[in-house]
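Only one structure is covered here, and it is reproduced in the block below.
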Amino acid sequence: MLFPINANAQNIQAKIYGADDEFPFILDTNWLNERFLSKQRVRVEEITRKHFGKQLQIGKNNFSLLQRIVDEEIIESDDTLHLQALGVVLGDIYVESHKALNWKVYHDLDSKTNNDRKSHAVCIQDTKHCLFPVTMLSRRMEVGIKPDVKAVYDKGMKAIESELPKRAYFD
């Protein structure tokens, strides 16, 4: 199938995914997305092993390691790749905290360029309610702020909690 050179993202999206989908739309991660997320986790794991002699844990057990990396300014403020790796670990904490949260690829339309933008996001299953943990820490740290990792997490959970399915029992 050929696309016109000047086709906007909405037309391309309709041809690829069907006309019923509108921006934003959310897709499951594929192997490339999973590989990227895994590499980001490895970057943080390398930092925690080198600087603290510890490995990443599962879920909320990583708050203290992430906070220590932030507080000790181990990652330079212009090292976006490593700063965003912290956000992947933060995203894993969200995913581990509620069964309805999963890593997805969020597509939206850039209003300036009319192009499809893709972001890794933690989304509530079967909804368009998403968090963007990859940049939750990095954007703050790039401008010299030392964020409270747990407070950032709590703010994100508070933003979506009303949309989360209710659980009979809490973990």
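The values are calculated or read from the model by the stated rules, or taken from the named source; none is laboratory data. Bear in mind the structure is a predicted one, so any value in this text is a computation, not a measurement. All Cβ positions, glycine included, derive from the backbone under ideal geometry; neighbour counts span all protein chains shown. Remember, those area values only see protein heavy atoms, side chains included, never the ligands or the DNA or RNA. Shrake-Rupley method; radii C 1.70, N 1.55, O 1.52, S 1.80 Å.
Brief remarks on what is shown
- Residues of region 21-43 that turn out to be in contact with a helix residue (DSSP H, G or I) (Cβ under 6 Å, 6 or more places away or on another chain) and under 16 Å from THR127 (Cβ atoms), as a count: 0
- Verdict on LEU101 being closer than 30 Å to GLU22 by Cβ and modelled with pLDDT of 95 or more: yes
- Residues being open to solvent by less than 30 Å² (accessible area, probe 1.4 Å) and within 10 Å of VAL89 (Cα to Cα) - total across region 40-55: 2
- Within region 57-74, the residues that satisfy the criterion of being open to solvent by less than 50 Å² (accessible area, probe 1.4 Å) and modelled with pLDDT of 95 or more are ASN62, PHE63, LEU65, LEU66, GLN67, ILE69, VAL70, ILE74.
- Options VAL42, VAL89, VAL95, VAL105; residue that is farther than 28 Å from GLU161 by Cβ and among the aliphatic types (A, V, I, L, M): VAL42
- Counted residues, region 75-96 - those being over 21 Å from SER119 (Cα atoms) and either surrounded by 16 or more Cβ atoms within 10 Å (Cβ to Cβ) or in contact with a strand residue (DSSP E or B) (Cβ under 8 Å, 6 or more places away or on another chain) (or both): 1
- Taking every residue in region 146-171 that is closer than 24 Å to ARG68 by Cα and pairing it with any residue that is open to solvent by 100 Å² or more (accessible area, probe 1.4 Å) and at pLDDT 95 or above, at least 6 positions away or on another chain, the pairs with Cβ-Cβ distances below 8 Å are LYS146/GLU73.
- Filtered residues of region 97-114 (kept if in a loop (DSSP other than H, G, I, E, B) and open to solvent by 40 Å² or more (accessible area, probe 1.4 Å)): LYS99, SER111, LYS112, THR113, ASN114
- Among residues of region 115-157 being polar (S, T, N, Q) and not in a helix (DSSP H, G or I), the one that is nearest to LEU37 (Cα to Cα) is SER119.
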